[in-house]
Structures are given as C-alpha cells and as structure tokens.
Number of protein chains: 2
Amino acid sequence: MKKLINDPKAVVDESLEGFGMAHPDLVSVHPDPLFVARAGGAVPGKVGLVSGGGSGHEPLHAGYVGLGMLDAAVPGAVFTSPTPDAIVPATQAADGGAGVVHIVKNYTGDVLNFETAGELCAAEGIDVRTVLVNDDVAVEDSLYTAGRRGVAGTVLVEKIAGAAAERGDSIDAVEAIATRVAANVRSMGLALAPCTVPHAGRPSFELAGDEIEIGIGIHGEPGRQRVGLEPADALTEALLSPIAEDLGVGEGEQVLLFVNGMGGTPLAELYIVYRRAAQLLAERGVAVRRSLVGNYITSLDMQGCSVTVLRLDDELLELWDAPVHTPALRWGA
Amino acid sequence: MKKLINDPKAVVDESLEGFGMAHPDLVSVHPDPLFVARAGGAVPGKVGLVSGGGSGHEPLHAGYVGLGMLDAAVPGAVFTSPTPDAIVPATQAADGGAGVVHIVKNYTGDVLNFETAGELCAAEGIDVRTVLVNDDVAVEDSLYTAGRRGVAGTVLVEKIAGAAAERGDSIDAVEAIATRVAANVRSMGLALAPCTVPHAGRPSFELAGDEIEIGIGIHGEPGRQRVGLEPADALTEALLSPIAEDLGVGEGEQVLLFVNGMGGTPLAELYIVYRRAAQLLAERGVAVRRSLVGNYITSLDMQGCSVTVLRLDDELLELWDAPVHTPALRWGA
C-alpha cells in the first residue's frame, strides 16, 4: 500500500485538519467528537441540513458544508458510520430554530445511528426529520444495507434541499423537496480496480486483470455481475439502461446527468462515459438540461465511475441553479 | 491496462466530444483541427488568452475555457504538443481585435509549435505575445525540456491573466500580469505510482512497491530522486522546502497554496499534504491567504501530487478572487 498519509489511524483527523485550514472562511472542524459545521454557525430561522457517513468518499459530505448546501457534516472512520455522540452536536450546531433535516444514505449503520441521534435531539426540542437516499439500482440488499444503497444521488439531494432551506422554506417544505429529489434520482456504478482502506492496507476486493464489477457499491460491496473488459460505450449502456428503466424516464422529460468518478479514474474517461450516456438519453427522447462530471462521491482510490440521472421539474432546476458556496461545489457566489 | 475508453486512438476526440456535450453553454469543441473555444466566440475588444499542450492533464487546458480565464485551448494527442495548424485557428477564434496572449508550458515541442503559430498569426495582423511558464523547481532540463518544466503554476497564470483580460486590460498589461505570476510561482511534484498512456497500454515508468519519485514531471519524466515510502509529512517537506527556498518567500509575505492531485490520488490525501505544507509555511512566517486543493493538472491516472506556492500582492489577490466561470473552475458567476 502506497498512500500520502502518516499514521493510518490518523487519516481522517489529519485530512480534516488540513481541510479546515484550507477553507477557514467556509467551515469549522470540531475535533472531538468529530464534525464539520459552517464557519458562521447556524443561520437563525433557517432549516438546518445535516448529513454524514463513513469517510473515504471525499468530498462527500464535509466538502458540501456551506452556503446553499449543508450546515454540518459528520464523518465517521473510513467506511464506518458516525456515531450518535457526534451526530447530536452536529445537529445542535446546525439548528437555527427552524428544525433540522438529516439526509441519510441507506446503510444499516447510518440509518440506526442517525435515528438514535434524531431521537436524542427531539428530546431536546429540535424538530428533526430524516430523508433516506437509496438511489442505487444495482442490487436490493447488500453487505451493509437492507434495501437499496444510497450513493451519488445524495450529492443532488444535498444541493437541492440546501437551496430550498437557503431560500427560507419551512422544514415541511425542505423535507418534501429532499424526498422528491430522492424519489426521482437513480444511480449505478462500476469498478475497474478496487480501493485500499488505509488501516486495512490491502485491496477491499479482488478483480482479475481483465475483469470489471458492474453495480459496485461505494465500499466495494458486490454488484450485479463481473464481466470482461468491454469498451466504455458498452459499459455505459450497462449502467444507463437499468437506471432509465427503473426511473421510467422517457420522451419529453428533462434530466440532470451526473457522471461521478470513484477517485482513481481520470476526468477524460468520465467525459467518454458522459458522451455515451447523453447519447443514450437523447435516443430515448430525454433532454439533458444540466450536467455534473467529476469526483463528487468517491471510494478512496477505486478506479471506476457511476452514472446518475435525476428527473427535473422547473422547481428542482431552479434550486439546482441557485447559488452554492462550499469547498467542493460552488457557483453564483 | 483497464480504462474507461473505446478505441485508444479516439480517447482525446471522444472525451472532448463528451466535454462539449456537458458544457454547451461554456465551450464549443472544433473537431478538425481540434481546439476548444468559448461558446460565444471572441469577445470584441478583449485581449484573447490561448493555452494548450498535450492531452492527459485534464481539466487543463480545455476545462479552463470560459469567462475570466481562457478564450481557447488547444489539446494535442496524449502527452504530445498540439501543432501550429490547430494553434492558428484557436488563436484566430480568440482574437477580439486587442491581441492574443499565448500561455505556454515550457516543453520544447510546445514552445516551438506555439512560436511557429504565433509567427503565422502575426503575419495575419494579430498581435501575439507569449508567456512561458516554467515553475517546476525539481530539475533543470528534462526529457522534453530545456530549462525548467511548466507544471501546476500554469493554472494560476491562466486564472489571473484571464481576470486581467476580462477587466479590460491592454495586451501589454495582460502580458505583464501573466509574466508576474509566472515569475512568482514555484511547484514540485511526486509520484507514488506511474500513469498509463492509453495507446501505449503500459505504465510510463516503473516504481518498486516501496518507492516514490520526488520531483516527477507531469509526463512521468524523471525527477530528483527515488526514495523509500515515507510519511506524508516528510514527503510534503521534501516538496515545500525547495519551493520556498527557490521562491525566496519569507516572513510577512502572503501566498496562495495549491495542492494538486495527479489524477489517481484521493482528495483526503491531498488535504493531509495541504495540512503539512500550510504548517511549514506558517513556521516560515508566511501567511496563506488563498488555497486550491484538488485535481487541476493531472497526469492521467498517476498517483501523487504536487505543491505550488504563488507569492501574492494585492493586485494578484484581487484578480484571483475575480469571477470565473469555466467547466473546471468557477466562482462569483
């Protein structure tokens, strides 16, 4: 294992320390228990947005703390759910008096820990709502999941719900918007090569030299099938078709197309995937109105990508375009 | 070799086709000869900015075409200089009547081809100036270079000179600003693992399982030395010290600190490098006023990073902060 790290056990702490030093205008990093909050603290009267999960998916979630997106993020250890003792103070830090929405990727540990934390916060008088993201069409149930896994669609839920909260929507409205995004987004990913968890020091799974895992999870959980190396166009179709079928998107509809890198794959390859995915949507009569291409939810150094399609309506489009200023996503501000 | 590509010979064309489809509001991709220009064409009365070089360093340069940065980019084949027959029409497309500045990384092929293209454009009455970027302190002369190589500092030259052109500076002024940035920026990189050029199909160089190359070039050219695997803090110091010494930056000065990923290294590791680099600058009494952390000039799937320090003055800081709207760098717009 070769990584740019010091002590494998200190990776998350040291990385977030550097993250806080790089973005002091946007975030403050609270070391123990570990969470990241907006530099200015909670915005009075605004609905707070909190997300979190295991580390190793950077820039998710801490990279999305800031104007128009999250108020706090709770990073667990690598690929390990954060615990309620960190989720509670993060929720308190995000609470501006109008309630807090927890955006939770559907993994058993995350769901349980956010639920416990939500109950503790409710007992203190904070109105906490939970929106579950389970956009991965690859498999029902998985290593760490009952039901579908939550993957790249989470970034879109956080952006759009964040914009709704920023414009002053009530907690009912923010919860409804987040739920609507989660209901209209689907994803699927593939891996060319596994990732290596720092404290494990060896690849999270094995792939032969000419093998690809279709439907991979963001922790290297098994997907649908292993296939031989195929051209990018064929692989893209293997991701896009199940997404489009499951979402039921068709003629005359408008979508956001998001091609995400798993961490070790060059941007040039992601655009090759984007090209074919956009062509396939066009063949279905679907209009791509917005795009996102890059490393937004990763799996350490895994090589591969995921494709995400979000069905847009006019309001979701407007909220997507609204200003955002976070370390990893920024426009209009 | 496992990559998300179709025909290895079509990688650059197909990737840029996808790039154009993803960002139709920002860029237009001209297929033959291949160059990328602003979607709206040249801005009348504004100094044009053109850069280019071999592909494989995405998002550089095409990702920086747009408001407040480049007017056109000329991608060559992977790790291969673009030819004058593409640089000339790109320069024409960027010419709003106020002249065009070529920003050229110091590699022999790039320098020669931009020089030839510049002469051809001058013969047509375009006032073409050339600013050379040679910020890599690792080695004097290298595989493809006489003198120092141009690396990550190029991104900063393009951003700041682009802002000067956008505010309406004359060609003399834009050339002077670009030259000032180039004179005040220094970089050095390292590799943990090599990259694989698609049409070659094998790693560009060999590194043993516990070896690191300090001072690596962005095409895998040899650096200063190979060392055993060391903690990130020690490796960061091995990059930062030569930079700080060469730049002569010290007590009371202000800088921009840029930690760049080579393509295959997770963001979390880049922040660990940032942390130590910022600490080392603080120990020298240098104030880090701005940061940039991420994959901005890559080497395909190479694992590693580079550190760049730019000495700031008030004008450079103001131009850095000015609005920019390109596929890969965006704020304030």
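The values are calculated or read from the model by the stated rules, or taken from the named source; none is laboratory data. Given the structure is predicted, the values throughout are model-derived calculations rather than measurements. Glycine also receives a Cβ, built like all others from the backbone with ideal geometry; neighbour counts cover every protein chain displayed. Note: areas computed on protein heavy atoms with side chains; ligands, DNA, RNA excluded. Shrake-Rupley method; radii C 1.70, N 1.55, O 1.52, S 1.80 Å.
Here is how far apart the A:ASP246 label points are across copies: 4.9 nm, shortest first, using a point 7 Å from Cα toward Cβ. Projecting the Cα positions of A:VAL27, A:HIS57, A:GLY40 onto the charge dipole of region A:5-63 (unit charges on Cβ atoms of Lys, Arg, Asp and Glu, taken about the Cα centre) puts A:GLY40 furthest along the positive direction.
Considering only region B:185-321, what is the antiparallel percent among its DSSP beta bridges, to the nearest 5?
Around 75 percent of the beta bridges assigned by DSSP in region B:185-321 are antiparallel ones.
Based on Cβ point charges of +1 for Lys and Arg and -1 for Asp and Glu, what charge dipole magnitude is obtained for chain B about its Cα centre, in debye rounded to the nearest 20? Intermediate results must be reported in sequence, preceding the final value.
Details: 23 positive and 44 negative charges, 104 e Å.
My answer is approximately 500 debye.
Model label sites at A:ASP314 and A:HIS199, defined 7 Å from Cα along the beta-carbon direction, differ in position by 5.1 nm. Sorted from nearest, the other copies put their B:ALA208 label points 3.2 nm away, the label point being 7 Å from Cα in the direction of Cβ.
Modelled spin-label separation between A:SER241 and B:VAL227, with each label point placed 7 Å from Cα along the Cα-to-Cβ direction: 5.1 nm.
Among residues of chain B, the one whose Cβ lies closest to the rotation axis carrying chain B onto chain A, together with that distance rounded to whole Å, is B:GLY264, 2.
With the Cα gyration tensor of region B:10-184 giving a ≥ b ≥ c as the square roots of its eigenvalues, does the rule (a/c under 1.5 for rounded; else a/b larger than b/c for prolate; else oblate) give rounded, prolate or oblate?
Cα axes put region B:10-184 in the rounded bin.
The charge dipole of the protein assembly as shown, taken about the Cα centre with unit charges on the Cβ atoms of Lys, Arg (+1) and Asp, Glu (-1), comes to about 140 debye, rounded to the nearest 20.
Could you check how many percent of all C-alpha pairs in region B:9-112 are farther apart than 21 Å?
Numbers: 1294 of 5356 pairs.
Across region B:9-112, Cα pairs with separations above 21 Å total 24 percent.
Here B:GLY228 yields copy-to-copy label distances, from shortest upward, of 4.3 nm, the label point defined as 7 Å from Cα along Cα to C-beta. Within the P(r) computed for region B:185-321, what percentage of the Cα pairs occupies the region above 20 Å? Roughly 44 percent, once rounded to a whole number. Residues in region A:250-306 average 25 Å² of solvent-accessible surface per residue, probe 1.4 Å, ligands and nucleic acids excluded. Spherically averaged projected area of the convex hull of Cα atoms, chain B: 15.2 nm².
Placing unit charges on each Cβ (+1 for Lys and Arg, -1 for Asp and Glu) gives region B:185-321 a dipole about its Cα centre, and among B:VAL288, B:GLY264, B:SER241 the Cα reaching farthest toward its positive end belongs to B:GLY264. If only the Cβ of Lys and Arg carry +1 and only the Cβ of Asp and Glu carry -1, the dipole of region A:220-333 around its Cα centre is close to 320 debye.
Quick one: buried accessible area between A and B, total over both chains, 1.4 angstrom probe, nearest 100 Å²?
On the way: alone 12850 and 12850 Å², together 21190 Å².
Result for this pair: about 4500 Å² buried.
If you take the Cα centroid of region B:108-163 and the Cα centroid of region B:1-51, the two points sit 20 Å apart.
Of the cross-linked pairs A:LYS2/B:LYS3; A:LYS9/A:LYS159; A:LYS105/A:LYS159; A:LYS9/A:LYS105; A:LYS46/B:LYS159, which ones have a Cα-Cα span greater than 26 Å in the structure shown? Could the numbers behind the result be given before it?
Values: A:LYS2/B:LYS3 21 Å; A:LYS9/A:LYS159 31 Å; A:LYS105/A:LYS159 15 Å; A:LYS9/A:LYS105 24 Å; A:LYS46/B:LYS159 35 Å.
Over 26 Å apart, Cα to Cα: A:LYS9/A:LYS159; A:LYS46/B:LYS159.
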